[in-house]
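Everything on this sheet refers to the single structure shown next.
Just so you know, all these numbers are worked out from the coordinates, no wet-lab data involved. What you see is a predicted model; the values in this text were computed from it and never measured. Cβ placement follows ideal geometry from the backbone for every residue including glycine, while neighbour counts extend to all protein chains displayed.
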C-alpha cells in the first residue's frame, strides 16, 4: 500500500478512535440527567452518529476539547424531543423556554434539562472570554428556542410555511447554537473576537443542514408526525436545488475565514461535508 494511503488510513483511524472516546463521554454524561435521554429515542446509533460528526468536523481536537460541542449537540436533541414529543400545549413550550433562558442568565436549574444547560453554561464560563461573549450565546439560545416554538405552532395549527419562511426558521435546528458554543470553548483569538460575524457564516451552514436533516429523516418524521419540508408541498427537486445554492453560498462565506483561522473555516466546511456524505448526498445536494 502506498505511503499516502497508509497516512490517510491512519488519520481516519485516529478520527474514529476520537469519536469512540467522545461517545463514551457522551453516554456517561447522559446518565447524569435521569429520564432526559430514554433509550427509545437515544440509542447507540444516535450517540455514534453525533460523535462521528463532531470528530470528523474537528479531527485535530482532543476529546476534552470536543466535550462542549458534543454535549451541547446532545442537549439540543433533548430539548427538541421535549418540544416535539412531550409538550402538548403552547404554554408548556413557553415555560420550557422561560426556564432555559433564566438558567442561561444564571438562575438555579429546576429540572434535568435545565441542570444540563447550567452545567454547559458553567463549563463555558471556564473560558475567560465567555464573560464578553455570554450575551451572544444567550441570544442564539433564545433564537433556537423561538425557532422550535414556531415550528411547534406550525405543526399544531397545521400551517404550511413557504420554503423561504421555513429556511428563515432554521435557528430551530440548533446547529448555530452548537457552533457558537464550540467556538467559544475552543476557538482561536481571531475567531472569538469576530464571533458575531462568524455566527452569520454558521447560520448559512445551518440553513443547509436544516434541509439536509429533513431530506435524510423524511420517513421517520412522517411516522412521528414531525414537521418536514417535504411534507409541506415543496418538491424534493426544489429542496435539493436549494441545498446546492446554500452549500455554494456557505463555501463562499467560509473562504475568507480560511486566511485568518484555517481551523474555524475547516470546521464549518466539514460540518457540511461530513453530514452530506454521511447521509449519501453529493456536494450538489442530490443523492450520491
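Quick notes on this structure:
- Of 53, 175, 217, the one that fluctuates the most in a GNM where the chain has Cα springs shorter than 10 Å: 217
- Euclidean distance of C-alpha centroids, the stretch 69-103 and the stretch 212-253, integer Å: 23 Å
- With all pairs of different C-alpha atoms in the average, the Kirkwood value for the hydrodynamic radius of the stretch 173-288 is 14.8 Å.
- Report summary: the helix-based calculation at 222 nm, which adds -39500 (n - 2.57) for every DSSP H run with n ≥ 4 and divides by the residues of the chain, gives -24500 deg cm²/dmol.
- Length available on full extension from residue 189 to residue 236: 0.36 nm per residue minus the Cα-Cα distance, which gives 12.8 nm.
- By the compact-protein rule of thumb, 2.2 N^0.38 Å, the alpha-carbon radius of gyration of the stretch 14-55 corresponds to a ratio of 1.14.
- Among 114, 126, 186, the largest mean-square fluctuation in a Gaussian network model of the chain (Cα springs under 10 Å) belongs to 126.
- Choice from 30, 118, 41 showing the highest fluctuation, given a GNM over the chain with Cα pairs closer than 10 Å: 41
- Viscosity 0.692 mPa s, temperature 37 °C, Stokes-Einstein D of the stretch 1-148 from Kirkwood C-alpha radius, µm²/s: 196 µm²/s
- Counting all C-alpha pairs of the chain, share separated by more than 30 Å (%): 28 percent
- Relative packing of 94-102, 165-173, 233-241, 263-271, which averages over residues the other C-beta atoms within 10 Å, highest first: 263-271, 165-173, 94-102, 233-241
- Radius of gyration and Dmax over the Cα atoms of the stretch 74-156, both given in Å: 13.0, 42
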